[in-house]
Amino acid sequence: MNYLDLSIKIAVNNWQLQINAFNSVLDKLSDDQLMCEIAPGRNRGVYLLGHSTAVHDLMLPLLRFGDAVHPELHPLFVEAADRTIAEIPPIHQLKAQWKEVNDSLTAHINNLPVEEWFTRHNNISEENFEKEPQRNRLNVLFSRTNHLSYHRGQLALLIKKH
């Protein structure tokens with residue numbers, strides 16, 4: 001294995017590590033705990049679950065893997081703040097959607113050839129990509145891995161509540 005292959009393997013393994021860690025925290029939380037705010041006046045756990053699901057769902061078209069599976073989550077959990085939408089999907093549905101989205105995303109991630117990680121993502125034109133080649137699929141994976149880690153840490157704060 002060369003250094004390039006190894007570097008991609010490390011990035012993909014780190015992504016999977018964060019998915020597993022998020023799932024582990026999620027498994028420890030009851031529905032009541034997920035309805036709690038992370039801190040007074042802050043997002044609830046259920047919102048972070050929906051937000052993380054929506055962001056990962058949007059990674060499918062961003063990474064050029066296909067269409068979003070649950071585009072209906074985007075206005076609820078990306079465009080809107082917590083508690084500004086009267087009705088959100090129930091927790092059991094969000095958990096199922098989280099699993100569905102990440103199963104699909106992980107399959108695509110694991111099957112993407114090494115050289116494809118250095119191609120443009122869908123939010124940059126080919127012309128601009130020539131000027132900014134760092135705006136590639138691998139960079140998206142790095143940023144979304146960090147994003148997930150941040151929200152996992154927030155969710156972990158709910159474990160001790162209730």
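Coordinate-derived values only; no laboratory data. Note that this is a predicted model, so its numbers are computed, not measured. Here the Cβ is made from the backbone with ideal geometry for all residues, glycine too, and neighbour counts use every protein chain on show.
Observations on the model:
- Taking a ≥ b ≥ c as the square roots of the eigenvalues of the Cα gyration tensor, the stretch 3-156 is prolate, since a/c reaches 1.5 or more and a/b is larger than b/c.
- The chain: angle of helix 3-28 to the longest principal axis, Cα-based, in degrees nearest 10: 10 degrees
- Among ALA21, MET35, ASN139 - extreme Cα towards positive end, dipole of the stretch 3-156, charges at beta-carbon: ALA21
- Each peptide in 146-154, 82-90 receives the mean, over its residues, of other Cβ atoms within 10 Å, and ordering these scores from highest gives 146-154, 82-90.
- Between the helical axis of 45-62 and the longest alpha-carbon principal axis of the chain there is an angle of about 20 degrees.
- Amide H contacts of ARG44 (H built 1.01 Å from N, under 5 Å, at least 5 apart or other chain): ILE38
- Alpha-carbon centroid distance for the pair the stretch 16-31 / the stretch 87-146, whole angstrom: 19 Å
- Among ALA21, ALA80, ALA11, residue whose mean-square fluctuation peaks in a GNM of the chain (springs only between Cα atoms under 10 Å): ALA80
- Dipole moment magnitude, nearest 20 debye, the chain about Cα centre, only Lys, Arg, Asp, Glu C-beta charged: 620 debye
- Principal axis extents of the Cα atoms in the stretch 70-113, from largest to smallest and rounded to whole angstrom, are 42, 21, 13.
- With Cα atoms, 0 to 90° folded angle of helix 91-111 axis to the chain main axis: 10 degrees
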